[in-house]
Amino acid sequence: MKKYWSIFKTQLLNNLAYPGEMFWRSLAIVIFMWIFSSLWRVTYAVTDVETSIGLPLNSIMWYFMLAEVIELGKPRLANAISAAVKDGSIAYLLNKPFNFLLYHFSAGIGDSLVRALMLAGFGTLTVWAIAGPPPPWTGWLMALPVVLLAWSIHFCFNAMIGLLAFVTEEVAPFEWIYQKFVQVMGGLFIPLDLFPAWLRTFANALPFAYIVYGPARLFVQPDPARFAALLGIQAGWLAVLALILYFVYQRSVQRLAINGG
């Protein structure tokens with residue numbers, strides 16, 4: 001595992017070498033938080049949403065802050081694989097002395113940590129200014145491991161989408177569909193608590209809820225029992241998706257068609 005740890009550290013340092021770029025890219029969360037604040041202030045004022053969701057306006061804003069950090073900071077792989085297939089460089093990557101998927105996972109987590117820390121910094125300052133102080137410190141501690149597991153689950157999905165490039169070359173439509181599932185069924189825009197009962201049950205049966213909603217809800221309402229349950233469910237989904245990803249990878253490599261390079 002030393003080489004993957006080295007890949008992780010290298011990617012981490014590469015991102016730290018360009019703080020200006022990270023700074024400007026992270027400003028997006030300030031805009032998103034201002035939009036969410038305007039929207040949900042009106043929603044709380046004209047409806048009884050606080051009773052339905054069980055969270056005051058302050059907490060819902062911190063929910064969206066972490067949800068956006070997870071979404072904007074998640075590892076990105078699908079487009080990189082597609083580009084490598086198109087230009088032919090995938091042939092060289094597959095022959096390197098490391099596992100192709102573990103290499104991208106290590107690099108992706110290194111990239112995500114730096115990006116997420118910057119996003120969380122801007123998001124915290126923004127939400128604190130417009131909605132009040134953050135959740136208790138236990139929420140921050142519990143959020144870290146579940147966010148890492150959420151990114152790992154996302155990586156499995158994103159890697160499988162990227163591997164479609166071995167056959168189709170272009171994967172943008174598949175990634176777009178996946179993003180919409182995460183945004184809607186994962187609770188990025190609307191917490192699952194506000195869904196109709198039947199749709200909430202359906203969403204909780206899918207892994208997308210444990211990429212965004214689960215970690216964000218735990219963050220604003222830290223609870224040891226909720227934390228343990230979420231970790232168990234995330235670990236279960238990760239094991240299933242990692243196994244599927246392994247077989248998809250083996251199958252995709254056999255069918256790889258390179259038109260560039």
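The values are calculated or read from the model by the stated rules, or taken from the named source; none is laboratory data. These numbers come from a predicted model, not from an experiment. We place every Cβ from the backbone using ideal geometry, glycine too, and count neighbours over all the protein chains shown.
Within the set V127, V184, V146, the sole residue that is modelled with pLDDT of 90 or more, over 18 Å from L218 (Cα atoms) and among the hydrophobic types (A, V, I, L, M, F, W, C) turns out to be V184. A count restricted to region 211-236 and to residues that are closer than 29 Å to N99 by Cα and touching a Phe, Trp or Tyr at 6+ places or on another chain (Cβ under 6 Å) stands at 2.
The single condition from (1) free of Cβ contacts under 8 Å to residues at least 12 places away in the same chain; (2) of a type outside the set (D, E, K, R); (3) under 15 Å from S152 (Cα atoms) that G110 fails is (1). With the structure loaded, tell me whether Q221 is without any contact (Cβ under 8 Å) to a residue 12 or more places away in the chain, of a type in the set (S, T, N, Q) and within 28 Å of L117 (Cβ to Cβ) or whether it fails that test. No; evaluated as a whole, the condition is false for this residue. Screening K180 on (1) in contact with a Phe, Trp or Tyr (Cβ under 9 Å, 6 or more places away or on another chain); (2) under 26 Å from S82 (Cα atoms) shows it passes everything except condition (1).
Quick grid of which residues meet (1) charged (D, E, K, R); (2) assigned to a helix (DSSP H, G or I):
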residue: F166; (1), (2): no, yes
residue: K180; (1), (2): yes, yes
residue: I190; (1), (2): no, no
residue: F202; (1), (2): no, yes
residue: A225; (1), (2): no, yes
residue: I244; (1), (2): no, yes
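Residues considered: Y103, Y44. Of these, the only one that is farther than 24 Å from L241 by Cα and surrounded by 14 or more Cβ atoms within 10 Å (Cβ to Cβ) is Y44. Could you list, in sequence order, all residues of region 5-41 that are over 15 Å from A116 (Cβ atoms), crowded, with 16+ Cβ neighbours inside 10 Å and of a type in the set (S, T, Y)? The one that is over 15 Å from A116 (Cβ atoms), crowded, with 16+ Cβ neighbours inside 10 Å and of a type in the set (S, T, Y): S37.
Only one entry in W176, W128, W140 is surrounded by fewer than 19 Cβ atoms within 10 Å (Cβ to Cβ), touching a residue at least 40 places away in the same chain (Cβ under 8 Å) and in a helix (DSSP H, G or I), namely W140. When K96 is tested against (1) without any contact (Cβ under 8 Å) to a residue 40 or more places away in the chain; (2) assigned to a helix (DSSP H, G or I), exactly one condition is not met: (2).
Just one of the listed residues (I7, I29) is assigned to a helix (DSSP H, G or I), out of contact with any Pro (no Cβ under 8 Å at 6 or more places or on another chain), touching a residue at least 60 places away in the same chain (Cβ under 8 Å) and more than 20 Å from G186 (Cβ to Cβ), and it is I7.
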